[in-house]
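The values are calculated or read from the model by the stated rules, or taken from the named source; none is laboratory data. Being a predicted model, the structure only gives us computed values, none of them experimental. Here the Cβ is made from the backbone with ideal geometry for all residues, glycine too, and neighbour counts use every protein chain on show.
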Amino acid sequence: MRRLPRLRGPFAVALALAVLAPALRLAAGPARDHGLAGGGRTPRDTAILDDVATTEVLGDVSTALARVFSYAPDDLAATERAAGTELSGRALDEYRRLFAQVRRQAPAQRVTLATRVVRAGVVSLTGDTARLLVFLDQTAARAGGPDGTPAAAQLAVTAHRDRGHWTITALTSV
């Protein structure tokens with residue numbers, strides 16, 4: 001069989017370009033849709049571009065989640081106060097509904113819940129609204145019992161900045 005060395009190189013390059021061109025167009029599409037493709041337009045989603053706001057929302061949301069999802073049976077009021085300042089809107093309404101069950105059961109069960117943010121990332125940051133994906137470790141332990149084992153949780157979080165502070169407005173388990 002006779003080889004065609006001159007055609008193999010150019011043919012391979014042409015084939016690669018034919019395959020990659022649609023993929024590159026698809027990859028560029030979302031960048032244009034979010035205003036990140038240049039062209040003199042102001043970007044709308046600044047999660048990658050605004051380090052200060054990204055750091056602030058990560059810090060505020062991480063602290064808030066640790067405060068509102070950690071409690072001790074003898075000090076539930078502190079957790080409820082934290083929820084009143086760190087949550088608003090739908091997130092606060094849903095939290096209060098669920099925490100009512102905790103308030104009824106915690107004294108008898110003597111359970112302490114400790115929550116810490118393991119990792120968090122800003123998915124989008126547009127103006128004063130941010131969407132995040134947050135990974136939590138939660139450890140529940142009964143009084144006088146063995147130390148609890150951490151359980152992982154994932155949340156999609158929406159936060160809104162008001163007067164320089166990020167407040168959680170929506171929480172969804174992922």
- Message: Can you confirm whether GLN138 is assigned by TED's automatic domain parsing to the domain that holds THR63 and over 16 Å from ALA66 (Cβ atoms)?
- Response: no
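One line per residue, one yes/no per condition, for (1) modelled with pLDDT under 95; (2) small (Gly, Ala, Ser); (3) under 25 Å from ARG163 (Cβ atoms); (4) not in a helix (DSSP H, G or I):
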residue: ARG6; (1), (2), (3), (4): yes, no, no, no
residue: GLY35; (1), (2), (3), (4): yes, yes, no, yes
residue: ALA47; (1), (2), (3), (4): yes, yes, yes, yes
residue: ALA91; (1), (2), (3), (4): no, yes, yes, no
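Yes/no per residue for (1) under 11 Å from the mean Cα position of the chain (by Cα); (2) β-branched (Val, Ile, Thr); (3) exposed (fewer than 15 other Cβ atoms within 10 Å of the Cβ):
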residue: GLN138; (1), (2), (3): no, no, no
residue: GLY144; (1), (2), (3): no, no, yes
residue: GLY148; (1), (2), (3): no, no, no
residue: ALA151; (1), (2), (3): no, no, yes
residue: THR158; (1), (2), (3): yes, yes, no
residue: ARG161; (1), (2), (3): no, no, no
residue: TRP166; (1), (2), (3): no, no, no
residue: THR169; (1), (2), (3): no, yes, no
residue: THR172; (1), (2), (3): yes, yes, yes
- Output the qualifying pairs, or none if there are none: Cβ atoms under 7 angstrom, residues six or more apart or on different chains, first residue in segment 77-103 and on the phi < 0 side of the Ramachandran plot, second residue of a type in the set (Ser, Thr, Tyr) and in a helix (DSSP H, G or I). ALA83/TYR95; LEU87/TYR95
